[in-house]
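> The structure that follows is given in the form of structure tokens.
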Amino acid sequence: EAKRLNKNNYRTYGSSIQQTLEDRMKLELSLRQAMSKNELSLFFQPQYAVEDMELVGAEVLLRWNHPERGMVPPDVFIPIAEERGLIGEIGTWVLDEACRQWKEWQTSGIALDQIAVNVSARQFAHGNIPQIVDELLQRYDMPASALELELTESCLIEAPQEMFNTLSELRARGIAIAMDDFGTGYSSLSTIATMPVDTLKIDRSFITNLTIGSPNEKIVTAILMLANSLEMQVVAEGVEQKGELDFLRSKQCHIAQGYYMARPLCVQGMTALLRERAETRYKRSA
Ligand code: C2E
Ligand code: MG
Ligand code: MG
Ligand code: MG
């Protein structure tokens with residue numbers, strides 16, 4: 001009985017690995033064509049100042065609308081793009097499209113203060129991010145302060161000195177640097193403290209069910225204290241409940257994003273939100 005179960009389990013296991021490999025190869029092939037077929041698009045998740053809930057920016061999130069599979073999440077295709085050497089091309093497209101969109105909103109008089117773009121470790125390893133960004137800021141006549149780049153702790157592991165140099169170069173231009181998913185990586189506190197980073201983004205897992213007396217309370221409080229003494233800004237990501245936001249406000253966390261305030265929005269949705277904000281401001285001042 002045990003033997004049969006084992007055999008069955010093995011078979012299932014074996015075929016599911018094969019399935020995964022086939023799946024990945026198919027995905028890789030279609031990912032290569034996704035850009036030319038206009039299947040990639042950007043979504044924008046609003047970021048709010050916790051104190052007064054003013055909209056202060058948006059995180060740019062890549063979406064792939066696959067003709068047969070529907071929406072493929074970035075967690076699935078970004079790793080494939082990284083492995084197969086496609087991340088440079090895709091990442092440059094994201095940066096270009098994000099800046100172009102920022103400019104379009106600015107021209108319409110509804111500019112966002114800041115857009116935050118995710119940059120993967122491999123993309124940084126190409127080493128040409130500062131040049132790409134220079135070109136884009138010039139092309140779209142966009143101030144460097146309107147752009148924030150998000151990286152994860154994994155970016156710091158392989159070549160910390162090179163990373164330090166690249167981040168310093170970007171920062172010298174006035175581009176903000178945010179450490180994404182903070183608290184889940186393996187970088188040492190001394191690395192974090194010495195890296196030219198402006199913002200810590202507290203990982204969603206620490207925000208979930210965050211209230212006074214909750215297990216996550218101490219972690220979040222400690223991160224806020226650390227950020228304060230390093231003079232870094234803090235963004236809490238994945239805020240889904242009022243209680244979480246209330247806690248963050250009581251601890252003077254600066255910025256929050258999450259489903260409780262707003263889900264990631266398509267361009268039309270974000271444009272509508274920016275229009276609405278502009279009208280409210282106009283009415284207030286009239
Ligand atoms: P991330 O940068 O940490 O992005 C936050 C993720 O959390 C997004 O998932 C977002 O939709 C989701 N999220 C936001 N608020 C909530 C919430 O309240 N609750 C829950 N459960 N989830 C929330 P998404 O868009 O699927 O992106 C996943 C990851 O893929 C991102 O994590 C980022 O690491 C990566 N990614 C997305 N776009 C890009 C890109 O353009 N370039 C690169 N290199 N990576 C990207
Ligand atoms: Mg991010
Ligand atoms: Mg910012
Ligand atoms: Mg994150």
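The values are calculated or read from the model by the stated rules, or taken from the named source; none is laboratory data. No experiment lies behind these values; they were computed from the predicted model shown. Neighbour counts run over all protein chains shown; Cβ positions are idealised from the backbone, glycine included. Side chains are part of the model used for accessible areas, which takes the heavy atoms of the whole protein and leaves out ligands, DNA and RNA. Shrake-Rupley method; radii C 1.70, N 1.55, O 1.52, S 1.80 Å.
> Rank Gln18, Gln33, Gln161 by mean-square fluctuation in a GNM of the chain with C-alpha springs under 10 angstrom and give only the top-ranked residue.
The residue that fluctuates most here is Gln18.
> Right, something else. Where in the chain lies the longest segment free of chymotrypsin sites (Phe, Trp or Tyr not before Pro) that are both loop residues by DSSP (not H, G, I, E, B) and have at most 13 other Cβ atoms within 10 Å?
1-185
> Another one. Using a 10 angstrom cutoff on alpha carbons, build the Gaussian network for the chain and name the most mobile of Leu27, Leu210, Leu245.
Maximum fluctuation in the GNM of the chain, among the listed residues, is at Leu27.
> When only alpha-carbon atoms count, how far does region 49-197 stretch along each of its three principal axes, as whole angstroms with the largest first?
43, 41, 34
> Could I ask something else about it? Can you give me the Rg/Rh ratio for region 112-185, using Cα atoms for both radii and the Kirkwood formula for Rh?
0.96
> Just going by the charge dipole of region 81-231, with Lys and Arg at +1 and Asp and Glu at -1 on Cβ, which of Thr92, Ala176, Gln161 is farthest out on the positive end?
Sorting the options by dipole projection puts first Ala176.
> Modelled label-to-label distance, Arg249 and Met53, 7 Å Cα→beta-carbon offset: nm?
The answer from the label model is 0.7 nm.
> Over the chain, with the other protein chains present, what is the accessible area per residue in square angstrom, probe 1.4 angstrom?
Counting only protein heavy atoms, the per-residue value for the chain is 54 Å².
> Around Ile157, which amide H atoms from residues at least 5 apart in sequence, or from another chain, sit under 5 Å from its own amide H, with H modelled in the peptide plane?
none
> Once all Cα-Cα distances of region 165-275 are split into 10 Å bins that start at 0, what whole-number percent is in each one?
Result, from short to long distances: 14, 41, 31, 14, 0 percent.
> Continuing with the same structure: Taking the Cβ-Cβ separation of Ser16 and Met71 as r and a Förster radius of 35 Å, what is the calculated FRET efficiency to the nearest 0.05?
After rounding, the FRET efficiency stands at 0.95.
> With each pseudo-label sitting 7 Å past Cα toward Cβ, what's the Glu276-Ala172 distance in nm, one decimal?
For the pair Glu276/Ala172, the computed spacing is 4.3 nm.
> Only Cα pairs under 8 Å and at least 6 apart count here; give the relative contact order of the chain as a rounded whole percent. Could the numbers behind the result be given before it?
Values: 408 pairs, mean separation 48.6, N = 286.
Here the relative contact order equals 17 percent.
> Right, another one. Please report, in debye to the nearest 20, how large the charge dipole of the chain is about its Cα centre when each Lys and Arg carries +1 at its beta carbon and each Asp and Glu carries -1 there.
800 debye
> With +1 on the Cβ of every Lys and Arg and -1 on the Cβ of every Asp and Glu, and nothing else charged, how large is the dipole of region 142-252 about its Cα centre, in debye rounded to the nearest 20?
I would put it at about 340 debye.
> Starting from the Kirkwood Rh over alpha-carbon pairs, what translational D in µm² s⁻¹ does region 29-136 have by Stokes-Einstein at 25 °C and 0.890 mPa s?
Here the translational diffusion coefficient equals 163 µm²/s.
> Sticking with this structure for a sec: Evaluate Rg over Rh across the chain, taking Cα atoms for both radii and Kirkwood's formula for Rh. Spell out each step's value before the answer.
Values: Rg = 20.8 Å, Rh = 20.6 Å.
Rg divided by Rh gives 1.01.
> Relative to the present Cα-Cα distance, how much length would full extension add between Ser145 and Asp23 at 0.36 nm per residue of separation?
Gain on extension, Ser145 to Asp23, equals 39.9 nm.
> Provide the convex hull volume over Cα atoms per residue for region 38-90, in Å³.
Cα convex hull per residue, to the nearest whole number: 107 Å³.
> What is the distance in Å between the Cα centres of region 56-117 and region 229-251?
First find each Cα centre; the distance between them is then 25 Å.
> Using the Cα centre of the chain as origin and beta-carbon charges of +1 (Lys, Arg) and -1 (Asp, Glu), tell me which of Leu40, Val117, Ile17 is placed farthest towards the positive end of the dipole.
So the residue furthest toward the plus end is Ile17.
> On to the next question. At a 1.4 Å probe, what is the % contribution of carbon and sulfur to the accessible area of region 107-173?
Answer for region 107-173: carbon and sulfur cover 46 percent of the accessible area.
> Take the Cα radius of gyration of region 151-206 and divide it by 2.2 N^0.38 Å, with N its residue count; two decimals is plenty. Provide the component values of the computation, followed by the final result.
Numbers: Rg = 10.8 Å, N = 56, 2.2 N^0.38 = 10.2 Å.
So region 151-206 has a normalised radius of gyration of 1.07.
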